[in-house]
Structure formats: structure tokens, C-alpha cells
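The values are calculated or read from the model by the stated rules, or taken from the named source; none is laboratory data. Nothing here was measured: the structure is a model prediction, and the numbers come from that model. Here the Cβ positions follow ideal geometry from the backbone for every residue, glycine too, while neighbour counts run over all protein chains shown. Just the protein is used for accessible areas: all its heavy atoms, side chains included, with ligands, DNA and RNA removed. Shrake-Rupley method; radii C 1.70, N 1.55, O 1.52, S 1.80 Å.
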Amino acid sequence: MPSPDAAEQELGLRERKNRRTRRAIVRATVELTLEGGYAAATIPRIAERADVAPRTVSTWFPTKDEILFEKTGDAIDRATAQMREGSGSIVDRLEAWLTEEIEHHPAPDPEIARLRRSAIEHDPELRARERQLWDQLQSEVSRVVARDTDGSPGDMGPQVFAGATMGFLWTLGSMARQDDPQDGEALLREGVALLRATLSAVTASSVA
């Protein structure tokens, strides 16, 4: 029976190997997308470029979209559930969602995030898919604000707040991709404070 130290060392080696495999798959997908477009980045070609079996690609990423949008849809689903079922203002619910994401669903390392970003920005199909995902969240934010202020989702106030929310989330993502990312908790506090000010202005406008 291996000693505790040996077992821990083996686990560390396995984890490093897993990370290398995942990074190789993502890098291969990005390279193929940049070279010939996302449609040309098939699972067999990704596997060949990453020097792994096609089954390994599918084990780590059940669908090809997951390679570049890993868990994004799940995160948006969690945000939607929090906004619909959570307590407090829309800002309280957004803060609760983001805190949960940071604590229990950490983002990939900056290198992986930058690789994915380069592929998405390069390919029109990927940009459209990303826009569809974020439009879903933006629409939900405007609906919740409209409900809380007795307005309509298409009114100026809910639309402005939803736009501010998306700008905040985009900025968080951009800063997380930096080589020397800033303090995530500090950025969250700063962004939440700005959203509270925006919500106050929207609420005041709706009752004026």
C-alpha cells in the first residue's frame, strides 16, 4: 500500500498530466480554428493535433462547443436561477451568483482563457454563439429590473442597467485573462458598487 506522501505525489502528477491534456486539446482547437475556421476543427483533427485519442477529447469535453465555451451555459443558467429565485435586489442576486462562481466554479487559468478568446474573436460562428449566450443573460437582467420597478423590459431604465451589467461582466473577464490578474474580490466589490448606483438611478427615474 503506497504511503500517504507517495499517494499525494501520485495525485499531484495525475493532476498535472490532466491539466496538460486539457490545455493541449484547447490549444489544438484554437490553432485549427485560426487556421481554417471552427467548422474545420473536427474532433479527429483536434485529437491528432493534441496527440491524444478522439475518445480522450470527448471524455474531457462532451461536445466540441465545450472546448471553447466550457461551462458557460451552465454559469448563465445558474445566474438566471439566482435572479429568478434569489432574495434582495437584482444587484444582491448578481453579487450572490458571482460570489458562488468565484468560490465553487473557478475560471480556467489565464492562458486557457486567452486561447479561447483568440479563437472566438477570430471566427464569426463562435462570435455569434457567444453573443447568443450573453443575450440570454442580458434579457433576463432587463426582465428582472422591469419587474422590480413595475416597468417593461424594453424601457430605458432596465435596458441601461442590463447593459451596465454586461459591461461589468465583460470587464471582469478581461481582467481575469491578464498575466497578472487583479484581486477578483476587490474588482467584484467595485463593480457591485457601480451597479448599485446605476440601479438607484434607474429606480429613481422610474418613479419620477
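Tabulated results
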quantity: Which listed residue is in contact with a Phe, Trp or Tyr (Cβ under 6 Å, 6 or more places away or on another chain), at pLDDT 90 or above and hydrophobic (A, V, I, L, M, F, W, C), from VAL141, VAL145; calculated: VAL145
quantity: Top-ranked residue of the stretch 166-208 - restricted to ones that are among the basic types (Lys, Arg) and open to solvent by 80 Å² or more (accessible area, probe 1.4 Å), ranked as modelled with the highest pLDDT; calculated: ARG196
quantity: Output for the stretch 104-159, where each listed residue is over 30 Å from ALA201 (Cβ atoms) and of a type in the set (Asp, Glu); calculated: ASP109, GLU111, GLU121, ASP123, GLU125
quantity: Complete set of residues in the stretch 50-65 that are under 23 Å from the mean Cα position of the chain (by Cα) and either farther than 28 Å from GLU140 by Cα or buried (at least 16 other Cβ atoms within 10 Å of the Cβ) (or both); calculated: VAL57, SER58, THR59, TRP60, PHE61, LYS64
quantity: Subset of the stretch 14-52 [closer than 17 Å to THR63 by Cβ and in contact with a His (Cβ under 9 Å, 6 or more places away or on another chain)]; calculated: VAL30, THR33, TYR38
quantity: Count - residues of the stretch 148-165 that are surrounded by 15 or more Cβ atoms within 10 Å (Cβ to Cβ) and either assigned to a helix (DSSP H, G or I) or in contact with a Cys (Cβ under 6 Å, 6 or more places away or on another chain) (or both); calculated: 9
quantity: Restricting the stretch 104-125 to residues that are assigned to a helix (DSSP H, G or I) and within 16 Å of MET175 (Cβ to Cβ), the residue that is most open to solvent (accessible area, probe 1.4 Å); calculated: ARG114
quantity: Hey, ARG143 part of a helix (DSSP H, G or I), in contact with a helix residue (DSSP H, G or I) (Cβ under 6 Å, 6 or more places away or on another chain), basic (Lys, Arg) and more than 21 Å from GLY184 (Cα to Cα) or not; calculated: no
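Yes or no, residue by residue, for (1) open to solvent by 30 Å² or more (accessible area, probe 1.4 Å); (2) assigned to a helix (DSSP H, G or I); (3) among the β-branched types (Val, Ile, Thr):
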site: ARG27; (1), (2), (3): yes, yes, no
site: GLU31; (1), (2), (3): yes, yes, no
site: ALA39; (1), (2), (3): yes, yes, no
site: GLU48; (1), (2), (3): yes, yes, no
site: THR80; (1), (2), (3): no, yes, yes
site: SER87; (1), (2), (3): yes, no, no
site: GLU95; (1), (2), (3): yes, yes, no
site: GLU100; (1), (2), (3): yes, yes, no
